[in-house]
Amino acid sequence: MSPGTIALIVVAASIVLWAAFMVNTTIRRQRKAQADAEVREHPGAAAEPAAARPVAATASATSAGTPAVTVEKPKALKPLTVEQMAVTRRQFFNRAWTFSFTAFLGFFGMSTLSFLWPSLTGGFGTKITVGNYDDLLAEIGPANNFKPKFVSEGRFYLVYYEGTGDSPVYLAIGATDLKMQALYRKCVHLGCSVPHCDTSQLFECPCHGSKYRLNGEYYGGPAPRGLDRFPIAREGDSVVVDTGSVQVGPPRGTNTWDQFSEPVGPFCIPV
Ligand code: FES
């Protein structure tokens with residue numbers, strides 16, 4: 001059961017409890033009003049203790065000394081009059097106000113919670129099927145000069161990877177098994193979108209000049225670490241990237257693939 005469904009059930013249960021509380025309060029008020037009306041009609045009965053009213057016992061001594069017990073029959077309750085059963089204007093407005101307020105709270109609560117827990121069915125934040133594994137490997141690999149593939153739906157670059165995987169993040173994303181990884185294009189410095197530079201084969205941020213290697217590891221600039229990335233898996237012949245689970249990039253100083261540890265040509269954004 002998703003968190004959104006649980007939240008909706010909690011809201012619905014709260015509304016039901018609130019409604020039950022209000023109904024109970026109203027019934028108790030009506031009973032009290034009815035009891036007051038009876039007292040007004042039979043003032044003598046009010047002096048009598050309530051517990052003793054249904055079965056009142058009086059004792060008197062007989063000649064034999066045995067106490068005689070007289071049991072009073074309980075009085076039959078008078079049926080409510082039409083006036084007593086009628087809803088007054090004040091009661092009507094009270095109930096209408098309570099009902100409206102409860103309905104408003106319910107709708108407001110449910111729409112707020114559904115906003116907090118959207119049921120994502122596609123796009124960024126979900127699992128994205130990128131394409132056929134062999135086709136993708138040919139598209140981003142040596143046969144195509146290691147050109148990254150940008151997947152706009154998931155905001156990531158699919159890049160070829162043949163490094164040692166000597167950093168915990170590579171285990172977390174499964175990059176070494178598939179020889180590819182999905183790099184989040186958001187710069188880890190202040191969040192600009194980072195384009196790929198064809199000449200240097202680095203990712204170069206236009207905002208403050210941070211540079212990342214082809215495998216997303218830190219190369220230079222103010223960025224505190226390498227690019228973040230997403231878990232990647234093979235499902236049948238397809239490659240699936242989970243964009244709902246961002247993995248923090250490797251720290252500065254990580255260098256797991258000699259072939260792209262240095263730029264292969266001039267920078268696109270001069271240092
Ligand atoms: S946002 Fe990329 S270097 Fe500052």
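The values are calculated or read from the model by the stated rules, or taken from the named source; none is laboratory data. Given the structure is predicted, the values throughout are model-derived calculations rather than measurements. Positions of Cβ are generated from backbone atoms using ideal geometry, with glycine treated the same way; all protein chains shown enter the neighbour counts.
Among the residues of the range 163-177, those that are modelled with pLDDT of 90 or more, at negative phi and over 33 Å from the mean Cα position of the chain (by Cα) comprise Gly163, Thr164, Asp166.
Would you confirm whether or not the range 170-183 contains a residue that is within 16 Å of the ligand (Cβ to nearest atom) and either of a type in the set (A, V, I, L, M) or under 14 Å from Tyr157 (Cα atoms) (or both)? If you could, list the steps in order and put the result at the bottom.
Of the range 170-183, the ones within 16 Å of the ligand (Cβ to nearest atom) are 183.
With either of a type in the set (A, V, I, L, M) or under 14 Å from Tyr157 (Cα atoms) (or both) added as a condition, the list becomes 183.
Yes: one or more hits.
Scanning the range 216-239 for residues being surrounded by 18 or more Cβ atoms within 10 Å (Cβ to Cβ) and either at negative phi or not in a loop (DSSP other than H, G, I, E, B) (or both) gives a total of 13. Write out, first by first residue and then by second, each pair whose Cβ atoms fall under 7 Å of each other, whose residues are 6+ apart or on separate chains, and whose first residue, in the range 126-151, is under 17 Å from Leu214 (Cβ atoms) while the second is crowded, with 18+ Cβ neighbours inside 10 Å and hydroxyl-bearing (Ser, Thr, Tyr). If the second residue must be crowded, with 18+ Cβ neighbours inside 10 Å and hydroxyl-bearing (Ser, Thr, Tyr), the pairs left are Ile140/Tyr160; Gly141/Tyr160; Phe146/Tyr160; Pro148/Tyr157; Lys149/Tyr157; Phe150/Tyr157. Need pairs with beta-carbon distance below 8 Å; first residue modelled with pLDDT of 75 or more and within the range 98-122, second surrounded by 12 or more Cβ atoms within 10 Å (Cβ to Cβ) and not in a helix (DSSP H, G or I); sequence gap 6+ or separate chains. The qualifying pairs are Gly122/Ile128; Gly122/Glu153. Any residue at all in the range 197-219 that's more than 19 Å from Gly163 (Cβ to Cβ), in the same structural domain as Thr164 (by TED's automatic domain parsing), within 28 Å of the chain's Cα centre (by Cα) and not hydrophobic (A, V, I, L, M, F, W, C)? No, every residue in the range 197-219 fails to be more than 19 Å from Gly163 (Cβ to Cβ), in the same structural domain as Thr164 (by TED's automatic domain parsing), within 28 Å of the chain's Cα centre (by Cα) and not hydrophobic (A, V, I, L, M, F, W, C). Here Gly253 fulfils each of the conditions (1) surrounded by 14 or more Cβ atoms within 10 Å (Cβ to Cβ); (2) over 29 Å from Gly122 (Cβ atoms); (3) among the small types (Gly, Ala, Ser) apart from (1). Within the range 191-217, residues that are within 8 Å of the ligand (Cβ to nearest atom) sit with their Cβ atoms under 7 Å from residues that are at pLDDT 95 or above and among the β-branched types (Val, Ile, Thr), at 6+ positions apart or across chains, in these pairs: Cys205/Val194.
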